[in-house]
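Structure first, then comments.
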Amino acid sequence: MSIERFGVGPRMSEAVAYGNLIFLAGEVAEDRTQDAAGQTQQILAAIDETLAKAGSDKTKILKANIWLSDIRYFAEMNKVWDAWVPQGHTPARATVEAKLAAPDVLVEIMVVAAR
């Protein structure tokens, strides 16, 4: 099986496919002046776009890891997540509080999907 990379950069790739699995890098919002809900919306739109490039979509997400800079954002993030994730296709998921790469990064999401 070959490895296919998408959005290859000097430090990391946007996504890597191996066989029928697609591993997305952790995604953060571009406009970090937004609140946690706004950042989550941006991230989920970017995930949709990356999955499409790799030949998949959100109905095929197997696993999601979500990091919040403050667990107080849990309900705010979940409101956006719940409106986005297709019912009947909800992935395994973990959400934790963590110190993220920059103070204005409130949410980071990483997914693994099938093709």
### Query
Taking a 1.4 Å probe, which of 18, 73 shows the most accessible area, and what order do the others take after it?
18, 73
### Summary
Relative contact order as a percentage, the chain, C-alpha pairs under 8 Å and 6+ apart, gives 35
### Sequence of 90, 59, 50 when ordered by accessible area, the most exposed leading, probe 1.4 angstrom
90, 59, 50
### Summary
Accessible-area order for 49, 108, 4, 30, largest to smallest, probe 1.4 angstrom, reads 30, 49, 4, 108
### Message
I need the P(r) histogram for the chain: all alpha carbon pairs, bin width 10 Å from 0 out to the longest distance, whole percents.
### Response
14, 48, 32, 6, 0
### Task
Multiply the residue gap between residue 20 and residue 57 by 0.36 nm, knock off their C-alpha separation, and tell me the result in nm, one decimal place.
12.0 nm
### Message
Solvent-accessible area of residue 70, probe 1.4 Å, all protein chains present, reported in Å² to the nearest ten, please.
### Response
40
#### Entry: Using θ = phi - 60° and Karplus 6.51 cos²θ - 1.76 cosθ + 1.60, couplings along the range 51-56 (whole Hz; Gly, Pro as x)
4, 4, 4, 8, x, 9
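Using the Cα centre of the range 1-112 as the reference point, and only Cβ charges (+1 on K/R, -1 on D/E), how large is the resulting charge dipole? Debye, rounded to the nearest 20.
Details: 11 positive and 15 negative charges, 76 e Å.
For the range 1-112, the charge dipole is close to 360 debye.
Can you work out D for the range 45-105 in µm² s⁻¹ from Stokes-Einstein, where Rh is the Kirkwood radius over C-alpha pairs, the temperature is 10 °C and the viscosity is 1.306 mPa s? Can you show the working numbers first?
Values: Rh = 12.8 Å.
Taking Rh from Cα pairs, D becomes 124 µm²/s.
Taking K and R as +1 and D and E as -1, what net charge do the other residues with C-beta under 11 Å from the C-beta of residue 28 add up to?
On the way: positive: 32; negative: 27, 30, 31, 104, 108.
Charge balance in the 11 Å sphere: -4.
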### Query
Accessible area per residue of the chain at 1.4 Å probe, in Å²?
57
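The values are calculated or read from the model by the stated rules, or taken from the named source; none is laboratory data. Everything quoted here is computed from the prediction, not taken from an experiment. Please note: Cβ atoms are built from the backbone with ideal geometry, for glycine as well, and neighbour counts cover all protein chains shown. Just so you know, the surface numbers come from the protein's heavy atoms only, side chains and all, with ligands and any DNA or RNA stripped out. Shrake-Rupley method; radii C 1.70, N 1.55, O 1.52, S 1.80 Å.
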